[in-house]
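Data block below; observations after.
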Amino acid sequence: MRSIVKPGKFDELQCVIKAFPSSLHALVLTETWIKSDEEGKRFQIPGYTHYYNYRTDKRGGGVSIFIKNNLQHTLSEEICQNFNHYLWIRIENYSLDIGAVYRKPDQSNVKTFLDTYSQQLQTKKRGLVFGDFNFNLLNTERATNMYKEVVQENGYEFLNKIDEDHCTRESTTSKSIIDHICSNLKQNNFHSVIIDTPMSDHKQIYLELKRYRPEPLKKRHYEVINYEVLYKTILESQDQNLDCVYDFLEEKLRKSIESSKVTKTKTLNPPRQDWINKQIIGEINNRNTLWNQHKKYPKDKQIKDIFIKKRNEVSEYIQGVRWQN
């Protein structure tokens, strides 16, 4: 997802996260274009910790990892070298290292990149790596083959499906798989989905570890009044002089209410931000429908114009709602 610093883009990302039916435990972004600590600290998602690595002397690049706060996590390694980015976060609960990598599309730094990357893979006993590597897994170029060898020699396997139907970047003339996931976890059953949206010129990858046990929803106990019991209690305590003895009536009501309470349990829904509402999610879905039509008929100018208009309207709407709350 290129340049989360672009106005409205990060707000839309938060809307997409909230629209997911289940909690996302980690979010990995590449080409963030963050260029300072001050800027990186501005991008926060409630319930997550933001780790990031950025460039200081040139625009572009950058990687970020957002980790759910109910996991025990620490920063284990971060490097920016030759405009390439490496960021590793340790998830203590699962003795797992999650990596985010971005490699600049420059053939002159392939060996240096592979040497650094190989050293990192060697030190990760349980690793899961996401990134934009700018090596196309669909071709057999020498640099791509060298990269594949480094991954395999360190005991890692690609989790991508290597065929054009599962490409991560697509234009009217070509398809490529330059965004990769690899891991050395051998006993986990992974499930992945390629998601195509107009948020980026790259497709997004959703990965699920099927063996992961989701966190149970929190429950809260509370008291309510059983009005049938209350009514019977008051009837049983009626007094001939009750109408004129108000203090006695008040005391009887208080005791009757207390004796009529029952305890119930409510399952709490995960917290949602007020500004992210159903209308925003609906507008994003409508825009995505127009995006799919544009992808299907890229030469149709009318469809393209309708999509661009809707895209701009949705971006402005999200920003407007966001800053009103």
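Modelled label positions at residue 263 and residue 108, each set 7 Å beyond Cα in the direction of Cβ, lie 7.1 nm from each other. Amide H to amide H, with H built 1.01 Å from N, residue 127 comes under 5 Å of 97, 184, 185, counting only residues 5 or more places away or on other chains.
The label-point distance for residue 3 and residue 201, in a model that sets each label 7 Å from Cα toward Cβ, rounds to 1.1 nm. Were the residues from residue 77 through residue 308 laid out at 0.36 nm apart, the gain over their Cα-Cα distance would be 79.1 nm. Relative to the longest principal axis of the Cα atoms of the chain, helix 278-296 runs at roughly 30 degrees.
Taken over region 1-115, the ratio of Cα radius of gyration to 2.2 N^0.38 Å equals 1.08.
May I ask which of 9/161; 175/296; 41/218; 6/310; 104/203 have a Cα-Cα span longer than 21 Å here?
Numbers: 9/161 28 Å; 175/296 15 Å; 41/218 29 Å; 6/310 18 Å; 104/203 18 Å.
Where the Cα-Cα span goes over 21 Å, the pairs concerned are 9/161; 41/218.
Between residue 57 and residue 218, the simple spin-label model (points 7 angstrom out along Cα→Cβ) gives 4.7 nm.
Near the amide H of residue 169, within less than 5 Å, lie the amide hydrogens of 176, 178, 203, all on another chain or at least 5 residues away, with H placed in the peptide plane.
Checking [x] 20.4; [y] 16.5; [z] 24.5 against the coordinates, the calculated mean projected area of the Cα convex hull in nm² falls under label [z]. A Förster radius of 25 Å combined with the Cβ-Cβ distance from residue 157 to residue 38 puts the calculated FRET efficiency at roughly 0.05.
Comparing mean-square fluctuations of 148, 186, 124 from a GNM of the chain with C-alpha springs under 10 Å, the top value falls on 186. For region 55-70, backbone nitrogen atoms closer than 19 Å to the point 7 Å from residue 23 Cα along Cα-to-C-beta are found at 65-70.
Remark: the chain carries a charge dipole of roughly 680 debye about the Cα centre, counting +1 on each Lys and Arg Cβ and -1 on each Asp and Glu Cβ.
Readers should treat all values here as calculations from the given coordinates under stated rules, not as data from a laboratory. As the structure is a prediction and not an experimental result, all values here were calculated from the model. Heads up, the Cβs are rebuilt from the backbone with ideal geometry, glycines too, and the neighbour counts pull from every protein chain shown.
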